[in-house]
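The values are calculated or read from the model by the stated rules, or taken from the named source; none is laboratory data. Nothing here was measured: the structure is a model prediction, and the numbers come from that model. With ideal geometry, Cβ positions are generated from the backbone for all residues, glycine too; neighbour counts draw on all protein chains shown. The protein model used for the area step is the full one, side chains on, heavy atoms only, and it has no ligands, DNA or RNA in it. Shrake-Rupley method; radii C 1.70, N 1.55, O 1.52, S 1.80 Å.
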Amino acid sequence: MSTSAAARPSTPPATAPAPDPTWFTTARFGMFVHWGLYSLAARHEWVKHRERLTDEQYQVYFDHFDPDRYDPVRWARAAKAAGMRYVVLTTKHHDGFCLWDSALTDYKVTNTPYGLDLVGPFVEACRAEGLKVGFYHSLIDWHHPSFPVDGTHPQRDDEEFKAVHAGRDMSEYRRYLHGQVRELLTSYGHIDYLFFDFSYAERSWWGGKGPDDWDSPGLLAMVRALQPHVLVNDRTGLPGDFVTPEQYQPSEPMTENGRPVVWEACHTVNGSWGYDRDNLDRKSADLLIRMLVDGVSKGGNLLLNVGPTGRGDLDPRDVEVLDEVGRWMQLHERSVRGCVPAPYTAPPECRYTQRGDRLYVHLFAWPLRHLHLPGLAGRVRYAQLLNDASEIVPVHIDADHVAVNTEMGGQPAGTLTLELPVRRPDTPVPVIELFLAGPTTV
């Protein structure tokens, strides 16, 4: 992954038909998996860049890569139990190491001690669990001999290395890049999602590369020809089918020229994409649930990353937080799955989502006894807590009623007031399900 990412317009190239994103905007929640040689280093997926490691220094991870506990069925089941409905695997990250038996390079998993393709079993496991299949593929490659050295390259400060390799041919690397994407899209059947990472022609790194370097028009045309249905992100330097804010939550629905676009925020559990043994900056289940809800309330998805260990296990700390998220999803799934932003203004510390005639109030903070919902008076025929379907009773107070010692004052006209129990439900984010009266606008 890049360390940051600016959202780009989501309109697809004019020459390509736009695929149907309905499954994606229905799913709302997916798992990202960053896994590769850097998982052995266990100190960030950009370790080769950060520590300026040469190919020779990095080779130790290739020579010892043997994930004997790799079990993609466990990964897929963990994702499904957490409420995720698609999984995206790093087929190749910036270090150039390939998790499949590519015919175009020797720098691949089948030449490590493990010796077997990793992508095929992953695809089969996801399909068996009814999950959509996604591939991440880095446009960058710090190992390939034709990839020109730039400000992201591990040996960017090695003047002797740069002088020796000054004549690297980008067109040769471009053929390699396109060839590997063709392999991935012709070897594993139906693929639902592609996450390219990333263009940086206008970023702070010197020698940055963009759509001309990748021949992004040709790359996307090939993708559309091979699998017209696949959703492609916006990081080739050209518009994609969805935009990809990274490691931040948009403050409002994402738009292009004032019109909503399909978007997905990608986040880590602990701040690192690859397995990072000593990184303790971990997000709680409560925070992750609020991030998911916040995104859906603004029309977006959450792609939550895990970084398996060098042996192929999901980090037990990740499993623990996924289990907590899954327990919330078991009871509250219908408040996010298939939901869209609501046309009503939520009160402070709340988020609205809506599906048909049901409006969901997610309470990030639990108020004392009463919840005031502006503009919903006369619009709700029934209310209940979603976790146990227990009724929530409305309170009718005249708008002009003046507050006295033990009587609450009236709220602005059109406000619906609900009376809540004093004790909040034992769940990270309580949800009230409102059954709307009359025709809905969503």
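The eigenvalues of the Cα gyration tensor, multiplied by 5 and square-rooted, give segment 56-154 an equivalent ellipsoid with semi-axes of 27, 16, 11 Å from largest to smallest. Listed by chain and number, the aspartates and glutamates whose C-alpha is less than 13 Å from the C-alpha of Lys283, apart from same-chain residues fewer than 8 away, are Asp318, Glu320, Glu324. Positive-end ranking of Met408, Val133, Asn111 along the dipole of the chain, with charges on Cβ about the Cα centre, is headed by Met408.
Separation of segment 59-92 and segment 134-157, taken as the distance between their Cα centroids, equals 23 angstrom. The GNM of the chain, with springs linking C-alpha atoms under 10 angstrom apart, assigns the highest mean-square fluctuation among Arg182, Arg423, Arg379 to Arg423.
Taking the Cα centre as origin and putting +1 on Lys and Arg beta-carbons and -1 on Asp and Glu beta-carbons, what dipole magnitude results for the chain, to the nearest 20 debye?
1040 debye
Counting only residues at least eight positions apart within a chain, or on another chain, the aspartates and glutamates with an alpha carbon under 16 Å from that of Lys298 are Glu246, Glu252, Glu256, Glu264, Glu349.
Counting only protein heavy atoms and a probe of 1.4 Å, the accessible surface of the chain is 50% carbon and sulfur. Taking 22 Å as the straight-line reach from the Cα of Lys209, the lysines in range (excluding those fewer than 8 positions away in the same chain) are Lys48, Lys92, Lys162.
For the residues Ala377, Ala342, Ala163, a GNM of the chain with alpha-carbon springs under 10 Å puts the largest fluctuation on Ala163. With Rh defined as the Kirkwood radius, the inverse of the mean 1/r over Cα pairs, the Rg/Rh of segment 192-301 is 1.01.
Percent of Cα pairs in the chain per distance bin of 10 Å, from zero to the largest separation: 4, 20, 28, 23, 13, 7, 4, 1, 0. Close amide H partners of His370, meaning residues 5 or more places away or on another chain with modelled amide H under 5 Å apart, are Leu420.
When you filter the GluC sites (Glu not before Pro) in segment 171-229 for DSSP loop state and at most 13 other Cβ atoms inside 10 Å of their Cβ, you are left with Glu202. Its residues counted as N, segment 269-355 yields a C-alpha radius of gyration over 2.2 N^0.38 Å of 1.24.
Roughly how many Å² is the accessible area per residue of segment 9-91, as a whole number, for a 1.4 Å probe? Before the final figure, lay out the partial values.
On the way: 3270 Å² over 83 residues.
Per-residue accessible area for segment 9-91 comes out at 39 Å².
Just report the Cα centroid separation between segment 223-269 and segment 194-218, whole Å. After rounding, the separation between the Cα centres reads 16 Å.
When the chain is treated as a GNM with alpha-carbon contacts under 10 Å, the residue of Gly83, Gly237, Gly410 showing the greatest mean-square fluctuation is Gly410.
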